[in-house]
Amino acid sequence: MKRALRNAGLGGCLALTAGCATSQPNTFTFTADLPPNFSYVAVVYYVPAKGETCTVETKDNLAPVFNNAWRTEYKPDSEITIRRTRNGCPLVVSRIELDINATYGKTRGDFGGDSAGVVIRDELDPQYKRAFNEAGVSTFFGECQWLFRTAGTNRRIVKILDCKKTNAQGEPGRGRPFSAYTLDQLSGKTVRMRIKSADEERPAIGDTWVKVPNGWKRCMGDNFDDQYAFCFGNYKDFSGFQMPDGRQCTIYPGCTE
């Protein structure tokens, strides 16, 4: 009788263990494959679960931020909670707002940024719902391009980052890098953002630079103090400019002709 009870207890433990082993984790991983000197900041937002009538004030439902100190403590992997409760209200992850940051110089202002995003819903139209592979990974893609211009009385080079959605083959789409999932897809999975850097940079403002065989030359404008310095058909008079590292140059990006 005692042996039967012990066996029954053991069977119950095994069943319980099996149940625990098959329970779904309440997290998924967001990660990114980025070019050198790139990083991301992720802000995660939560809303009441479907069917719930409760509400939670923003101060009690603050959005977790990953890589807020992206300059000094960047980590590519972020573990994101799928469901949580605040003030007794069941919440689910709703969206991830992403800032893509990249540096091009050593001073604090020498960086550019653009945005990307992930949306999570209870249901999605199949055409917007991204799938996972057998390893539990889903990847969405984008390409970022530097747009350069000059600023200030010394015509110093500054850059703007412009990021677009692409497919896996690098063909551009409309809008920023973006992906969408349903809640029931995410448990234990990995969502990866893969960004490549465009092969070439281009001017941020039209009719201010002239393309030459080995780079770009800056139009002079009326004179060196002309901050706009549009070409206006004058493709013979050019000015020097200053690179972010302080070099005085006449052609971008090679500096010297």
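Every number here is computed from the coordinates shown, using simple stated rules; none is lab data. Remember, predicted model here, so these are calculated numbers, not experimental data. Here the Cβ is made from the backbone with ideal geometry for all residues, glycine too, and neighbour counts use every protein chain on show.
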Item to complete: Calculate the length of the line joining the C-alpha centroid of region 194-241 to that of region 99-140, in whole Å.
Response: 31
Worksheet entry | Within straight-line cross-link reach of LYS50, lysines at Cα separation under 19 Å, skipping those fewer than 8 residues along the same chain | LYS129
Fill in: ³J(HN,Hα), Karplus 6.51/-1.76/1.60, whole Hz, each residue of region 122-134, x for Gly, Pro
5, 9, 9, 4, x, 5, 9, 7, 8, 8, 10, 7, 5
Discussion item. Using the Karplus curve 6.51 cos²θ - 1.76 cosθ + 1.60 with θ = phi - 60°, what ³J(HN,Hα) values do you get for each residue of region 25-31, in whole Hz, with x for Gly and Pro?
Written reply: x, 9, 9, 9, 9, 9, 9
Worksheet item: At 37 °C and 0.692 mPa s, what whole-number value in µm²/s does Stokes-Einstein give for the translational diffusion of the chain, with Rh from the Kirkwood sum over Cα pairs?
Response: 149
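Evaluated at 10 °C with a viscosity of 1.306 mPa s, what Stokes-Einstein diffusion coefficient in µm²/s does region 206-249 have when Rh comes from the Kirkwood expression over alpha-carbon pairs? Walk me through the numbers on the way to the answer.
Working: Rh = 10.9 Å.
Answer from the Stokes-Einstein relation: 146 µm²/s.
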Worksheet item: Cα convex hull of region 138-257: mean projected area in nm², to one decimal?
Response: 10.0
Practice prompt. For region 54-121, run through the GluC sites (Glu not before Pro) and keep only the ones in DSSP coil with at most 15 other Cβ atoms within 10 Å of their Cβ.
Written response: GLU57, GLU73
Worksheet, complete the sentence: Excluding residues fewer than 8 positions from LYS211 in its own chain, the lysines with Cα under 17 Å of it are LYS236
